[in-house]
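See below for the structure under consideration.
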Amino acid sequence: MNQDRPSLSVVIPARNEEARLPKTLGLIREWIARSGRSTEVIPVVQGYDRTTEIVETAAGSDPDLHPIIQHSGNGKGMAVRLGITAARGEIILFTDADLSVPVECLEELVSMMERQPELDGILGSRRLPGSNIVIKQPPMRRLSGWAFNRALKLGGLTGYADTQCGCKLFRHNAAKAIFARSELDGFAFDVEILKLAEVLGYRMKEAPVTWADAGGSRVWLPRDGFRALRDAWSLRKRFA
């Protein structure tokens, strides 16, 4: 272990999240205090609301909070890549700003990584038998998610049950190698990084999560769903 690195980095893509991020940062801070791990938290802010002011104010009293501000940035993939490029932790986790996967479950996943040094990464999954879905997504979102995953499998792009859960963890070196090669900025970036992990020979594990739909999604299915499928399909040629 590199003594100059914190044990954990938590990357949080945050686009126009002024309403939810303060609570999320508070819950993560409490989790970190309970765990006793040296941890840095990296919110990556996109958009033009008060999220920037919120994270900069919080960082003034928290030396382990290191926000990245990229107002004009467009895309969750871009935000996560920026955060992971900056992250220094032995384990690097990215999770959504709404904490659909609660901190108790994040602790279980981090502990799993710590107990299983043979793993290079863990992807949270809402579609495994052990998953606990507390609040379901609306029916159309569930149907589109199923159809997207089915299309990925038919195209040979994944063997996982759920590529799109916003909770994934990597060892430091694996995260750096994978995201240095990632190119997609939109929602299909999850498919890309998992395919890169496979190509690079990293050992990944799909693990069940506790998950609750937080509502307020900014995903517009006719537009974002089509773009994600188009971008994911473009990977077939790249990884042929």
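The values are calculated or read from the model by the stated rules, or taken from the named source; none is laboratory data. None of these values were measured; they are calculated from a predicted model. Please note: Cβ atoms are built from the backbone with ideal geometry, for glycine as well, and neighbour counts cover all protein chains shown.
Please verify whether R142 is basic (K, R) and part of a loop (DSSP other than H, G, I, E, B), treating the condition exactly as stated. No: the conditions fail for R142. Among the conditions (1) in a loop (DSSP other than H, G, I, E, B); (2) out of contact with any Lys or Arg (no Cβ under 6 Å at 6 or more places or on another chain); (3) over 28 Å from V41 (Cα atoms); (4) in contact (Cβ under 8 Å) with a residue 40 or more places away in the chain, T158 misses just one, which is (4). Whether a residue is modelled with pLDDT of 95 or more, touching a helix residue (DSSP H, G or I) at 6+ places or on another chain (Cβ under 6 Å) and assigned to a helix (DSSP H, G or I) was assessed, and I92 does not pass this test. Scanning region 1-33 for residues that are buried (at least 16 other Cβ atoms within 10 Å of the Cβ) and aliphatic (A, V, I, L, M) yields L8, V10, V11, I12, A14, L21, L25, I28, I32.
Within region 201-216, can one find any residue that is buried (at least 19 other Cβ atoms within 10 Å of the Cβ), in contact with a helix residue (DSSP H, G or I) (Cβ under 9 Å, 6 or more places away or on another chain) and closer than 24 Å to R15 by Cβ? Checked region 201-216: at least one residue is buried (at least 19 other Cβ atoms within 10 Å of the Cβ), in contact with a helix residue (DSSP H, G or I) (Cβ under 9 Å, 6 or more places away or on another chain) and closer than 24 Å to R15 by Cβ. Restricting G36, G75, G60, G145 to those that are surrounded by fewer than 21 Cβ atoms within 10 Å (Cβ to Cβ), free of Cβ contacts under 8 Å to residues at least 60 places away in the same chain, within 23 Å of R227 (Cα to Cα) and not hydrophobic (A, V, I, L, M, F, W, C) reduces the list to G145. Specify which of the listed residues (I178, I135) is within 24 Å of V110 (Cβ to Cβ) and surrounded by fewer than 21 Cβ atoms within 10 Å (Cβ to Cβ). Within the list I178, I135, the selection yields I135. Give the residue that is nearest to L169 (Cα to Cα), with candidates limited to residues of region 206-237 that are acidic (D, E) and at pLDDT 85 or above. Top of the filtered list is E206. Restricting the search to region 100-123, which residues are crowded, with 21+ Cβ neighbours inside 10 Å, aliphatic (A, V, I, L, M) and in contact (Cβ under 8 Å) with a residue 60 or more places away in the chain? Across region 100-123, the qualifying residues are V101, L106, L109, V110, I122, L123. Within region 18-59, the residues that satisfy the criterion of being outside any helix (DSSP H, G or I) and farther than 20 Å from I92 by Cβ are E18, A19, R20, G47, Y48, D49, R50.
Residues in region 181-200 that are assigned to a loop (DSSP other than H, G, I, E, B), touching a Gly at 6+ places or on another chain (Cβ under 6 Å) and surrounded by 20 or more Cβ atoms within 10 Å (Cβ to Cβ): L184 alone. Against the conditions (1) without any contact (Cβ under 8 Å) to a residue 24 or more places away in the chain; (2) part of a helix (DSSP H, G or I); (3) more than 28 Å from Q70 (Cβ to Cβ), A151 satisfies every one except (1).
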